[in-house]
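Read through the structure below, which is laid out as structure tokens, and then see the notes.
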Amino acid sequence: DAGVIQSPRHEVTEMGQEVTLRCKPISGHDYLFWYRQTMMRGLELLIYFNNNVPIDDSGMPEDRFSAKMPNASFSTLKIQPSEPRDSAVYFCASSLGAKSNIQYFGAGTRLSVL
Amino acid sequence: GNSVTQMEGPVTLSEEAFLTINCTYTATGYPSLFWYVQYPGEGLQLLLKATKADDKGSNKGFEATYRKETTSFHLEKGSVQVSDSAVYFCALSGTEGGGSNYKLTFGKGTLLTVNP
């Protein structure tokens, strides 16, 4: 398997623009997680899904952030409108859940909001 | 709630030195414990794990033992290499039951630099 695939790897945008980050989990994994990593706050769990259903979105910082998982092989994290403080590396991870709680991470999307 | 505390970095060592990175946790129930490693420009990857008290996880010369009495999971390696330079994260699984068992709580990470 190719592992968890995230796109784009880098995104530079201007304040106020909409940003969409994409993730393809490992085939067969039924849990998907979105994280944000910054120097100040470390690694934060934003939201996670089980079988495409959001289970816990308590880590989503504001209403400007939204995440969807329309099917088992695709998820998006959207920020609208973006702000400079959203600049971070965003990671997607997937796992087998009940069979194994090991999470496999993508390479991340480095977002810069100017 | 669950939490993980790991030693602040950065840690700088010479090649072949002994490494210890301390990790302690607070959790209700019996979590699984993990060490993840993040190399520059990459995502996190599992280094080792332990699922119950007194279990020892090991991989690539790294070891950590699940100590319930001290709520610790310290990472050790007897002889580090330049290629071990990375950020190391201690983590624990959820314990509240149901789907929350599959989310992880991470420590803040410890940057290790190994010089030749």
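Could you pull out every residue, at least 5 positions away or on a different chain, whose amide H is within less than 5 Å of the one on A:Ile5? Hs are placed 1.01 Å off N in the peptide plane, and Pro or chain starts have none.
A:Lys24
Determine the shielding of peptide B:37-45 by partner chains: average, over its residues, the number of Cβ atoms on other chains within 10 angstrom of each Cβ.
5
Given the C-alpha centroids of the range B:35-87 and the range A:9-69, what is the distance between them in whole angstrom?
Distance between centres, Cα-based: 26 Å.
Using amide H atoms built in the peptide plane, which far-off residues or other-chain residues are under 5 Å from B:Leu48 H to H?
B:Trp35
For chain A, give the magnitude of the charge dipole about the Cα centre (Cβ charges: +1 Lys/Arg, -1 Asp/Glu; no others), in debye to the nearest 20.
Here chain A has a charge dipole of around 280 debye.
Could you derive backbone 3J(HN,Hα) for the range B:51-59 from the dihedral phi with the Karplus parameters 6.51, -1.76 and 1.60 (θ = phi - 60°), listing whole Hz in sequence and x where the residue is Gly or Pro?
Running phi through 6.51 cos²θ - 1.76 cosθ + 1.60 with θ = phi - 60° gives 10, 8, 3, 6, 5, 10, x, 8, 5 Hz.
Rounding to the nearest 20 debye, state how big the charge dipole of chain B is about its Cα centre with +1 on each Lys and Arg Cβ and -1 on each Asp and Glu Cβ.
Its charge dipole is roughly 300 debye.
Too long at a 19 Å Cα-Cα cut-off: which of A:Lys99/B:Lys52; B:Lys52/B:Lys103; B:Lys60/B:Lys103; A:Lys24/A:Lys78?
B:Lys60/B:Lys103
Quick one: Karplus J couplings for the range B:38-48, per residue in order, coefficients 6.51, -1.76, 1.60, θ = phi - 60°, nearest Hz, x for Gly and Pro?
Each residue of the range B:38-48 in turn: 10, 7, x, x, 10, x, 6, 9, 5, 9, 6 Hz.
Can you put A:Met40, A:Met69, B:Met7 in order, fewest other beta carbons within 10 Å first?
A:Met40, B:Met7, A:Met69
Quick one: A:Arg22, A:Arg85, A:Arg36, fewest Cβ neighbours within 10 Å first, how do they rank?
Least to most surrounded, the residues fall as A:Arg85, A:Arg22, A:Arg36.
Every number in this text was worked out from the coordinates using simple rules, so none of it is lab data. Computed from a prediction, not measured in an experiment: that's the story for all the values here. No Cβ is skipped: glycine too gets one built from the backbone with ideal geometry, and neighbour counts run over all protein chains shown.
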